[in-house]
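Colleague: Structure in C-alpha cells, see below.
The values are calculated or read from the model by the stated rules, or taken from the named source; none is laboratory data. Treat the numbers as computed from the prediction; the structure is a model and nothing was measured. A quick note on method: Cβ atoms are made from the backbone with ideal geometry, for glycine too, and the neighbour counts reach across all protein chains shown. For the accessible areas, the whole protein counts, side chains as well, though only heavy atoms, and no ligand, DNA or RNA atoms are used. Shrake-Rupley method; radii C 1.70, N 1.55, O 1.52, S 1.80 Å.
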Amino acid sequence: MAMVIRVGLSGHIAVARNLQAGGVLTERLMKEVIVDSSFAIMNDARTRCPVRKLGKVIGGLLRSSIDIEFYNNGLTGNIGTNVYYAPFVEFGTGSRGALSVTRTPPPPYAHSGWPRGQAAQPYLYPAYDAEKDRFLRNLRNAIKKGFT
C-alpha cells in the first residue's frame, strides 16, 4: 500500500507471551477490538476522503481503494491505499502542502505564475486520530475482561 496506518500491538511476540496467563479469551477479545477499530478507521477515512466531481463525472478511485489488511494472526490491521497520489491528497503539494518549508517562490519563478500546489485534504490521519482513544480504552477493557 502506498499510504498506511497500522492499528495493533507493537512487539506482539512479547505481548503474547505476557498475556498467555489470560489465555485464548484475552487474545480473542484483543483481536475483536483491533478488527473493530480497523473497520472504524477505514469507514471514517472513506467518509472524509475527498472525491473529485467534474460535471456529471464523479471520481472516487482513492475513496474506494481504502482497505484493510490483517497480519500477525489478527493482532495488526493496516488501513491504507495503494493509489499513488494518496500522500499528495493527504499532505498537499508545493508551497500549499502541509510539509512545505518554502512559502515564497525561488527568484527565477517569482513572476512566472509559480505553481503553488494543492492544499492538504487529510482523510486518513484524522480518521486514525478520531479512533485512537476509543481503541485504547476498548483494548484496556478487553485485557481486564480476559484476566477476570
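Colleague: Along segment 61-78, what does the Karplus equation 6.51 cos²θ - 1.76 cosθ + 1.60 (θ = phi - 60°) give for ³J(HN,Hα), rounded to whole Hz, x for Gly and Pro?
Modeller: For segment 61-78, the Karplus-derived couplings read 4, 4, 4, 6, 8, 5, 8, 10, 10, 9, 9, 6, 6, x, 8, 9, x, 9 Hz, x marking Gly and Pro.
Colleague: In terms of modelled amide H atoms, which long-range or inter-chain residues lie less than 5 Å from the amide H of Met3?
Modeller: Thr81
Colleague: May I pose another question? Determine the order of Glu27, Glu32, Glu90 by accessible area, beginning with the largest, at a probe radius of 1.4 Å.
Modeller: Glu32, Glu27, Glu90
Colleague: Here is a follow-up. What is the extension gain from Asn78 to Asp36, computed as 0.36 nm multiplied by their sequence separation minus the C-alpha to C-alpha distance, in nm to one decimal?
Modeller: 13.9 nm
Colleague: Using a cut-off of under 12 Å, list every residue of segment 34-63 whose amide N is near the label point 7 Å from the Cα of Val4 along the Cα-to-beta-carbon line.
Modeller: none
Colleague: Taking a cut-off of 29 Å between Cα atoms, list the lysines near Lys145, but don't count ones fewer than 8 places away on the same chain.
Modeller: The reachable lysines, counting only those whose Cα sits under 29 Å from Lys145, are Lys31, Lys132.
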